[in-house]
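One structure is given here, and the rest of the page talks about it.
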Amino acid sequence: MLKIGDFSKLSRVSIRMLRHYDDIGLLKPAETDDFTGYRYYREDQLFLVARITALKDMGFALTDIVRILEIFDDREKLDGFLTARQKELTEQARETEYKLMLLDTARKRLRKEQNMSFDVTVKTIPERYAATVHMVVPRYEDEGMAWSMMGECKEPLIPADPCYAVAEFLDDEFKEENVEIVVSMAVKGRYQDTEHVKFRTLPAVKVASCIIKGSYDQMGEAYATVASWIKANGYQMNGPMFNIYHVSPAQTQNPEEYVTEACFPVE
């Protein structure tokens, strides 16, 4: 048997944490002296504490580790826990990578001493024949799911010039999930509808718009600029706003090369 101090050294877990493990039922001492309260551990319990440490290093909470140890010998159930944690960490890594990109872009903008400014103009987007996909996506970041639907057409789509690659957001408010959008692309020729892609002639629309050069982290500032301009110049919004992607992730992987036009229908 090992005293708690010796067990702490061998397991590389502090005495304070071993006592906490005892309190929550995660790792009980093999024996506790009723008179002194001293805790004693068996040598084979070092294997158990090694499992606990490994699971902690994977990011599992202690409450989850209690449940995992109960089914540790069931490989199928254990793999389910590990798979779920792997997916969770992968998503966190994506979010962290995106945040790092935003920070890097902001620092580059500071070094160049650039102030974000957007010129607003009123123009008419002409009538055009377009391939359209109308669907609900989990989040705004999942807009690409709608664009990927364009690929289900049996014959290749021939983009018009300009192709007016448009994403229109139909919800009356910002939504954290289940976002309703329509994406469209002007095309040459005539095509048959598919299950998800519908071809129709889109009407001309008068818009107040501005061009955003660079990453999408500028969109909030651009939207605010256009909305303020509309009010200051006596116009009224007349329909859901949409973005035209002149240069998008489909053309470049460098966010600094994106060119997006934010459009607000007006009257």
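Could you go through segment 32-41 and let me know if any residue there is more than 23 Å from Glu70 (Cβ to Cβ), over 42 Å from the mean Cα position of the chain (by Cα) and polar (S, T, N, Q). Within segment 32-41, one or more residues are more than 23 Å from Glu70 (Cβ to Cβ), over 42 Å from the mean Cα position of the chain (by Cα) and polar (S, T, N, Q). Residue under question is Leu18, and the condition is that it be surrounded by 11 or more Cβ atoms within 10 Å (Cβ to Cβ), part of a helix (DSSP H, G or I) and not polar (S, T, N, Q); does it hold? Here the answer is yes, as Leu18 does meet what is asked. Considering segment 36-62, the residues that are over 18 Å from Gly5 (Cβ atoms) and without any contact (Cβ under 8 Å) to a residue 12 or more places away in the chain include one that is most open to solvent (accessible area, probe 1.4 Å), namely Phe47. When Thr260, Thr225 are screened for being under 30 Å from Leu100 (Cα atoms), in a helix (DSSP H, G or I) and of a type in the set (Ser, Thr, Tyr), only Thr225 passes.
Checked against (1) surrounded by fewer than 14 Cβ atoms within 10 Å (Cβ to Cβ); (2) more than 19 Å from Glu141 (Cβ to Cβ), Gly220 passes all but a single condition, namely (2). Of the residues examined, Phe72 is one that is surrounded by 10 or more Cβ atoms within 10 Å (Cβ to Cβ), within 30 Å of Asp6 (Cα to Cα) and modelled with pLDDT under 90. Candidates are the residues of segment 153-162 that are of a type in the set (A, V, I, L, M, F, W, C) and touching a Lys or Arg at 6+ places or on another chain (Cβ under 9 Å); the one that is most open to solvent (accessible area, probe 1.4 Å) is Ile158. Beta carbons closer than 9 Å, at least 6 apart along the sequence or on distinct chains, pair a first residue in segment 166-181 that is on the phi > 0 side of the Ramachandran plot with a second that is aliphatic (A, V, I, L, M) and surrounded by 12 or more Cβ atoms within 10 Å (Cβ to Cβ) for Asn178/Val136; Asn178/Val137. You will find that of Lys231, Lys213, Lys188, Lys206, the residue that is at pLDDT 95 or above, of a type in the set (D, E, K, R) and over 21 Å from Val137 (Cβ atoms) is Lys206 and no other.
The values are calculated or read from the model by the stated rules, or taken from the named source; none is laboratory data. Since the structure is predicted, the reported quantities are computational estimates derived from the model, not experimental observations. Here the Cβ is made from the backbone with ideal geometry for all residues, glycine too, and neighbour counts use every protein chain on show. Protein only, heavy atoms only, side chains kept; ligands, DNA and RNA dropped before computing areas. Shrake-Rupley method; radii C 1.70, N 1.55, O 1.52, S 1.80 Å.
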